[in-house]
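Read the figures in this text as sums done on the coordinates, not as results from a lab. Being a predicted model, the structure only gives us computed values, none of them experimental. Note: ideal-geometry Cβ built from the backbone for every residue, glycine included; neighbour counts use all protein chains shown.
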Amino acid sequence: MTPTERDHFLAALETRHLANLTRPEFTRAVRALSVRYVERRGQLPTRSPLDSAGKRAAFGLFYAPLHLLTVDAAVRAVTTAAPPTRIIDLGCGTGVCGAAWAMAGSDPRASIDGYDLHPWALEEARWNWQTLGLTGRPVRLDAVAAMERTVKGRGSLSGTGIVAGWAVNELEAPGRARLLETVAAAVSRGASFLLVEPLARGAAPWWDDWARALHRQGAVAGDHKFAVDLPARLAEFSDAAGFSNRTLGARVLWVPAP
Ligand SMILES: C[S@@+](CC[C@H](N)C(=O)[O-])C[C@H]1O[C@@H](n2cnc3c(N)ncnc32)[C@H](O)[C@@H]1O
C-alpha cells in the first residue's frame with residue numbers, strides 16, 4: 001500500500017462516516033466501542049458491539065484503518081513469502097486485514113473472499129475493497145463453516161493466504177477448536193496463515209495452544225509493537241478519545257505455506 005493509496009482511502013472513509021455525525025458524537029462512539037471490546041469482551045459472542053450508527057462509524061473510520069495499518073506492518077515484519085494470489089479473510093468485518101495483505105503485493109493483487117456474519121460489516125468490506133481498487137467478495141457465512149468448506153475440496157491450496165484479524169477471539173470455544181483443525185488442514189494443503197489478535201493476554205487465552213498446535217507446521221508467534229507514524233487524522237481521533245498509544249500493538253502468528 002502506497003502512502004497515496006492510504007491517504008486517499010482515509011479521506012474517503014472520513015467523508016463516508018462523518019456525514020451524519022458531529023466530531024464529539026464520533027469521539028464518544030470511539031470510546032463506547034472500545035469499552036465493548038475491552039471491558040465487556042465476554043459479551044462479544046452473544047451481543048454485537050456494532051449496535052448503533054455511532055459505533056459502526058467508529059469501527060469503520062477509526063478501528064478499520066488502525067487494523068489496516070497494523071496488518072500492513074505485520075505482513076512486512078513476519079511473512080516470509082510473496083503475497084498470496086487469493087486471500088480468505090475470516091471474520092473479515094470491514095475487510096481491512098485481507099486488503100492490507102493483498103496490497104502488499106504488486107499488480108495483479110490478490111483477490112479476497114471475506115466471511116462474516118454481520119450484514120453492515122460485509123457491506124462495508126465491499127465498499128472498502130472497491131475504494132481500494134481490490135477485487136473482493138463478501139460472503140455472509142460463519143468463518144468456521146467457510147473453512148470447513150474450503151478444506152472439503154480436494155484441490156491444492158497453494159497460493160492461498162488465510163487471515164483472521166481480531167476475530168478468532170469472538171468465537172465460542174467449540175467453533176474455535178474446529179477452526180484450528182481446518183486451518184492446520186489448509187496449511188498442509190499449501191495455504192499460509194496469518195493470525196492477528198490484541199496484545200492483552202486476556203483477549204486470547206487460547207493463543208499458546210494455537211501456537212503449539214501449529215508449531216510443527218512452522219508457526220512463528222510473537223508480540224509486536226509497530227512504531228508507525230499515525231496519519232494526522234487518526235492521531236487526532238485517538239487523542240480526542242483519550243488513547244495515549246502511538247504504537248500499533250498486536251500478537252501475530254504466521255504459518256508459512258509448506
Ligand atoms: C473485531 S471484528 C474484526 C474485523 C476485521 N477482521 C478487522 O480486523 O477489522 C470481529 C469480526 O468477526 C466477526 N465474527 C464474529 N464471529 C464470527 C463468526 N462465527 N463467523 C464469521 N465472522 C464472525 C464479527 O462480525 C466482526 O466483524
- Message: Going residue by residue through segment 78-87, is there one that turns out to be over 30 Å from R31 (Cβ atoms), away from the ligand (no atom under 16 Å from the Cβ) and buried (at least 24 other Cβ atoms within 10 Å of the Cβ)?
- Response: yes
- Task: Looking at (1) within 12 Å of the ligand (Cβ to nearest atom); (2) touching a residue at least 60 places away in the same chain (Cβ under 8 Å); (3) assigned to a helix (DSSP H, G or I); (4) among the β-branched types (V, I, T), find the lone condition where V144 falls short.
- Result: (2)
- Item | Every residue from segment 1-51 that is without any contact (Cβ under 8 Å) to a residue 60 or more places away in the chain, of a type outside the set (G, A, S) and either touching a strand residue (DSSP E or B) at 6+ places or on another chain (Cβ under 6 Å) or not in a helix (DSSP H, G or I) (or both) | T2, L18, N20, L21, T22, E39, R40, T46, R47, P49, D51
- Task: Say whether the condition of being under 22 Å from E197 (Cβ atoms), free of Cβ contacts under 8 Å to residues at least 12 places away in the same chain and within 14 Å of the ligand (Cβ to nearest atom) is met by at least one residue in segment 114-123.
- Result: no
- Message: Of the conditions (1) among the small types (G, A, S); (2) in a loop (DSSP other than H, G, I, E, B); (3) touching a Phe, Trp or Tyr at 6+ places or on another chain (Cβ under 7 Å), S106 satisfies every one except a single condition; which number is it?
- Response: (3)
- Query: Mind checking which residues of segment 56-68 are within 24 Å of R251 (Cα to Cα) and either outside any helix (DSSP H, G or I) or more than 11 Å from the ligand (Cβ to nearest atom) (or both)?
  - Reply: A58, L61
- Message: Please go through segment 1-30 and give me each residue that is farther than 23 Å from L134 by Cβ and in contact with a Pro (Cβ under 8 Å, 6 or more places away or on another chain), ordered by number.
- Response: none
